[in-house]
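Trainee: Here it is, the structure in full.
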Amino acid sequence: VVLGIESGGHGRSQAPSLLSLLPEVLHMLAQPFSEATRLKTTPPVLAAGGLVTGSHVAAMLTLGAAGVALGTRFLLTPEALYSDSQKAALLKATAASTIRTTAFDALRGTIGWPEGIDGRALRNETIKRLEEGSTIEEVRPEFEKATREGDASGMLVWSGTGVGLMHQ
């Protein structure tokens, strides 16, 4: 799986964009022409990160991906564990509504990720308070309350950058 920086959830904070990364990885993996099979073969590669539309899927297949992995797109399904509040926040969001941060890991106590790994989520009141200078310890009680109550304005909502193209 080739994961671009556009992805929601955890990933490498300095990853290239999927549009640049996928062709580079495919080029590196390309096998020379085989006389036995009379084909140039490449291991199957899935593209992931910020993909939510059929056009995104078609573009990645055109670039040479064997398939795609969608994440944020499926958070709006009835089967997703996201609350109605989280789903509503996704529907209101744009690509500019997302942020890469380790703040939610610090708030949840899910630290210990390797250096350079962070997560992309929706920017909300919790993040704004931290950006304004509040400490993790000051923000944690409100974050935990928002999480218990399913209030997306303060809880974690993972999201990739394609979120602004999701309308239902």
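The values are calculated or read from the model by the stated rules, or taken from the named source; none is laboratory data. All values reported here derive from a predicted model rather than from experimental measurement. Methodologically, a virtual Cβ is constructed for each residue, glycine included, from the backbone with ideal geometry; neighbour enumeration extends over all protein chains shown. Calculation scope for accessible area: heavy atoms of the full protein, side chains included, ligands and nucleic acids excluded. Shrake-Rupley method; radii C 1.70, N 1.55, O 1.52, S 1.80 Å.
Trainee: Taking amide H positions as placed 1.01 Å from N in the peptide plane, with prolines and chain starts having none, which residues 5 or more places from residue 123, or on another chain, fall under 5 Å of its amide H?
Mentor: Distant-sequence amide H within range of residue 123: 98, 99.
Trainee: Now for a different question. Roughly how much of residue 1 is accessible, in Å² to the nearest 10, using a 1.4 Å probe?
Mentor: Accessible area, nearest 10 Å²: 120 Å².
Trainee: On C-alpha positions alone, give me the angle between the axis of helix 54-63 and the longest principal axis of the chain, in degrees, nearest 10.
Mentor: Between helix and principal axis, roughly 40 degrees.
Trainee: For region 61-168, what value does the Rg/Rh ratio take when both radii are computed over Cα atoms and Rh is the Kirkwood radius, given to two decimals?
Mentor: 1.00
Trainee: Once the mean 1/r over all distinct Cα pairs of region 7-132 is inverted, what Kirkwood radius in angstroms do you read off?
Mentor: 17.0
Trainee: Note the angle between two axes, namely the Cα long axis of helix 136-149 and the longest principal axis of the Cα atoms of the chain, as a number of degrees from 0 to 90, rounded to the nearest 10.
Mentor: So the helix axis and the longest Cα principal axis differ by about 80 degrees.
Trainee: Please give the calculated 222 nm ellipticity per residue for the chain, where each DSSP H segment of at least 4 residues contributes -39500 (n - 2.57) and the sum is spread over every residue; nearest 500 deg cm²/dmol?
Mentor: Here the helix-only value at 222 nm equals -10000 deg cm²/dmol.
Trainee: Note the full-extension length gain between residue 30 and residue 145 as 0.36 nm times their separation in residues minus their Cα-Cα distance, in nm to one decimal.
Mentor: 36.4 nm
Trainee: What's the Kirkwood radius of region 1-76 in Å, using all Cα pairs?
Mentor: Radius from the Kirkwood sum: 13.1 Å.
Trainee: Mind ordering 52-61, 150-159, 79-88, 110-119 by average Cβ neighbours within 10 Å, highest first?
Mentor: Result, highest mean first: 150-159, 52-61, 79-88, 110-119.
Trainee: How high is the relative contact order of the chain, in percent, counting Cα pairs under 8 Å that sit 6 or more residues apart?
Mentor: It comes to 29 percent, rounded to a whole number.
Trainee: Here is a follow-up. Region 35-92 to region 96-168: how many Å between their Cα centroids?
Mentor: 23
Trainee: Give the long-range amide H neighbours of residue 2: residues separated by 5 or more places, or on another chain, with amide H under 5 Å away, using H modelled in the peptide plane at 1.01 Å from N.
Mentor: HN-HN under 5 Å from residue 2: 46, 47, 48.
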